[in-house]
Amino acid sequence: MFSSIYIEEAVRDSERVEAILRRVPGIPQIAIQQYGEVFNRAGQNFRLQKQQPALILAHKSGRRVLPTPEGYGFESGSTGKGFYFSHMLNCVYDCRYCFLQGMFRSANYVLFINFEDFEQDIEATIAESSADSVFYSGYDCDSLALEPISAFCEYFLPCFQRHPEHFLEIRTKSTQIRFLLEHEPLANCVIAMSFSPQIQSERWEHQVPSIAKRLEALVRLQNAGWPVALRFEPVIAQTNTLSLYKELFEIVFAQLQTERVHSVSLGEFRLPVDYYKKIVKLYPEEPLLARETRLEDGMISLVQQQGSLLQDLETMLLAYVAPESYYRCA
Amino acid sequence: MEPELNLVIAHKLEAKPLVALLDMRQITKQPPIYRGGGLRLIVSGQGRHWAQEAVNFLAQQSHISSVQAWLNIGIAGHQTLELGQPLLANKIVNRSSGEAVYPAPLLAMKQVGELHTVDEPESGYPQNVAYDMEAFGFFKAACKHTSLELVQSLKIISDNLAHGADKITPDKVLELFHDNTDVIKTVVADLRSLRGRFIETRLDTPEFARISALVHLTATQRVQVRRLCQRYHAFGIQEQLAELLGSKALQAVSGRELVRSLRQLLLELE
Ligand code: SF4
């Protein structure tokens, strides 16, 4: 599962680290002072490391809860504010369009194990916020994918159980839902699953569970009473995009109780230009990255993407969901 | 031909079995350098300073754009490991400064561990780690010349608390290397294959090489044309690119016109 486990000396004796190490026995352990000395080094190759990533267990200091960029999530339609926190950096999956490949120098996974400090910061943020604030956990990782090892949900759900007026969005492409199914559902904890059309998923979402498996997980969560959400991101234009999405929407909405879906969003494929350049260097042979692009306000998008595609998709989506549960991700 | 992998070895005694095993022949006497089968071996002398010097020397002999992997092989002491055990370093500590570096754990080898580079031979083995005199200097220097995943250090345990370094003989060194023939061959092969995967993303397309010979390009145009050629390949339409380049008219174009033509055709075909 991991090629090695790096452990910061300062957290080596913590109970959480002990528990994690018991869950993944037999992997070489390497003592480090500070995660940056492995994770942030210059001269690393993300693509080579992605073949066999290591796990880094570390302490997160500094700011742990940050405001989301404008228009990031479903708080934009309400009075609440959006925040994100990253208990983990990097993802077990390998989507070719993923911005993490351009953001981080290393493909190793960093798991910050001082959950208590994150919780404290979330509490402090809640104390200063009006109701309806949304906390996003899957910003720099997939929050569910490592659940059997990190026990992230197990720790954080009780925090949001105490604050039913605020939301937690767990954004994921994972089917690791066993803990959630064993837990009583929380109306303010939304499991948001991302989907792309079948052909695109097969082409670009390496190691990600199939659409059928993800949908099955979402249906089971919904049946168990969990609020579920749909994230159709990133929308990547190709010649028959509308028919691909038509097919995807038909499959997805045929299986879910549509009126109980918490929210649905669309977001186009966009990357900060620096990340894009780094990803191109890593995967020069990737057709997606060879397409004609446009640069606007420091962001790269596909030229073919322009026009009315998102509007057309919105129109299609609104045949299934109420306008108030839809938003477009900026 | 540039080598794919450089071996940095402290002593002639350690180099001898490797030269035989990897089928290399000596090409210079001072410093002692051997070549063969895409490999290059240098005998650096003892100590991290000389290991560092040896890396820099080989790097200077190489073309700036060549991508090479680096492997340091040698004997090492260890508090508890048995004689003859191989160990691939996953952490190398400079004992005199306390600084640590971390070779990427990407090779298949299971016997991995911590290695401390010391300035004087270590006979007390105070910690349960391996001890050598070169790896830290080697690693720091080699990482300046390539991606750090391509720099590794392999040690064979030659002495421990029960069998001190004073018992190491030339025959014993030969025996240790001989007993680890398979391990050495595997690490060399794995590292070469890792380099192969790395280099795949760096290779210029044949069309770019042709253009570079035909048309004068500014530095910016070189970057643009290089990427444009890669994009043709990414789309699998390199034949159209070859056709375009084959046309006589193109051979007299300026760099600017060439970039425009390549871009135009790509837009039409995308
Ligand atoms: S699942 Fe999300 S975070 Fe993970 S690689 Fe794919 S896009 Fe990136």
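The values are calculated or read from the model by the stated rules, or taken from the named source; none is laboratory data. Being a predicted model, the structure only gives us computed values, none of them experimental. Please note: Cβ atoms are built from the backbone with ideal geometry, for glycine as well, and neighbour counts cover all protein chains shown.
Below, the figures for the structure above:
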| quantity | calculated |
| --- | --- |
| Subset tally (residues that are more than 10 Å from the ligand (Cβ to nearest atom), in contact (Cβ under 8 Å) with a residue 60 or more places away in the chain and surrounded by fewer than 22 Cβ atoms within 10 Å (Cβ to Cβ)) for the range A:81-102 | 1 |
| Criterion violated by A:Y327 - all others in (1) free of Cβ contacts under 8 Å to residues at least 40 places away in the same chain; (2) not in a helix (DSSP H, G or I) satisfied | (1) |
| Hey, A:L318 within 26 Å of A:P69 (Cβ to Cβ), at pLDDT 95 or above, surrounded by fewer than 14 Cβ atoms within 10 Å (Cβ to Cβ) and not basic (K, R) or not | yes |
| Residue within the range A:282-301 that is within 14 Å of chain B (Cβ to nearest Cβ), in a strand (DSSP E or B) and surrounded by 14 or more Cβ atoms within 10 Å (Cβ to Cβ) present | yes |
| Residues of the range B:252-264 classified as assigned to a helix (DSSP H, G or I) and more than 12 Å from chain A (Cβ to nearest Cβ), total | 9 |
| Single condition A:I236 does not satisfy, out of (1) touching a Leu at 6+ places or on another chain (Cβ under 8 Å); (2) of a type outside the set (D, E, K, R); (3) away from the ligand (no atom under 16 Å from the Cβ) | (3) |
| Filtered residues of the range A:15-43 (kept if in contact (Cβ under 8 Å) with a residue 12 or more places away in the chain, in contact with a helix residue (DSSP H, G or I) (Cβ under 9 Å, 6 or more places away or on another chain) and at the interface with chain B (Cβ under 9 Å from one of its Cβ atoms)) | A:I30, A:A31, A:I32, A:Q33, A:R41, A:A42 |
| Test for A:T239: is it among the hydroxyl-bearing types (S, T, Y), within 14 Å of chain B (Cβ to nearest Cβ) and either assigned to a loop (DSSP other than H, G, I, E, B) or over 30 Å from B:L228 (Cα atoms) (or both) | yes |
| Total residues in the range B:110-149, condition hydrophobic (A, V, I, L, M, F, W, C) and over 17 Å from the mean Cα position of the chain (by Cα) | 6 |
| Residues (touching a residue at least 60 places away in the same chain (Cβ under 8 Å) and over 19 Å from A:Q222 (Cβ atoms)) located in the range A:157-188 | A:H166 |
